[in-house]
Amino acid sequence: MKYLYIIRGPFGTGKTEFARTLCDNVVSCWDYYAQYGENKWNEKLKPHADEYCRTRTKRLIEDGINKIVVTNSFSKNEDLDEYYEMAKQYEYKVFCMIMDNRNIEEYKRDVPKDIVEQQVMQLKNSLRFYPIL
């Protein structure tokens, strides 16, 4: 079985560090920031970092890697749609979780407080729990 793990949550919750404890094939928006933005939040790079995550994840899926973890804020449900479509097309089982960490200062990387608060609100408004029937 092939697995795609999606870890979502506001910047600064330690998603990428946690993901790296799960497997070696981790795709993180911070990889993009580290390469092009000094590993710090940069609003201008955010769309490029998101695209990097989609492209890199797709490449790993197309290569048939058995376990892939992708981390990003994914603060809106529609941010996940392309990942679920890729997983369906290539027969990956998806596990999606939301990361919470009360020690965020260690992972914050200069993300402005208002950006984190916006992500928290968007996540709260997008969460859906489906009943098991």
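Within segment 47-75, the set of residues being at positive phi and modelled with pLDDT of 95 or more comprises just one member, GLY64. For segment 8-32, which residues satisfy the criterion of being over 16 Å from ILE98 (Cβ atoms), part of a loop (DSSP other than H, G, I, E, B) and of a type in the set (Val, Ile, Thr)? Result: THR21, single match.
Which one is farthest from ASN125 (Cα to Cα) among residues in segment 71-96 that are of a type in the set (S, T, N, Q) and crowded, with 18+ Cβ neighbours inside 10 Å?
THR71
Name the single residue, out of those in segment 20-32 being among the charged types (D, E, K, R) and over 21 Å from VAL116 (Cβ atoms), that is farthest from the chain's Cα centre (by Cα). Here the residue is ASP24. Pairing residues of segment 73-93 that are without any contact (Cβ under 8 Å) to a residue 12 or more places away in the chain and within 16 Å of ARG56 (Cα to Cα) with residues that are surrounded by 14 or more Cβ atoms within 10 Å (Cβ to Cβ) and not basic (Lys, Arg), at Cβ distances under 7 Å and at least 6 apart in sequence or on separate chains, gives TYR84/VAL94. Residues of segment 33-70 that are outside any helix (DSSP H, G or I), farther than 17 Å from ILE115 by Cα and either within 15 Å of the chain's Cα centre (by Cα) or touching a residue at least 60 places away in the same chain (Cβ under 8 Å) (or both): GLY64, ILE65, ASN66, LYS67, ILE68, VAL69, VAL70.
The values are calculated or read from the model by the stated rules, or taken from the named source; none is laboratory data. The shown structure was predicted, so the numbers you read here are calculated from the model rather than taken from an experiment. Neighbour counts are summed over all protein chains in view; Cβ atoms, including those assigned to glycine, are modelled from backbone coordinates with ideal geometry.
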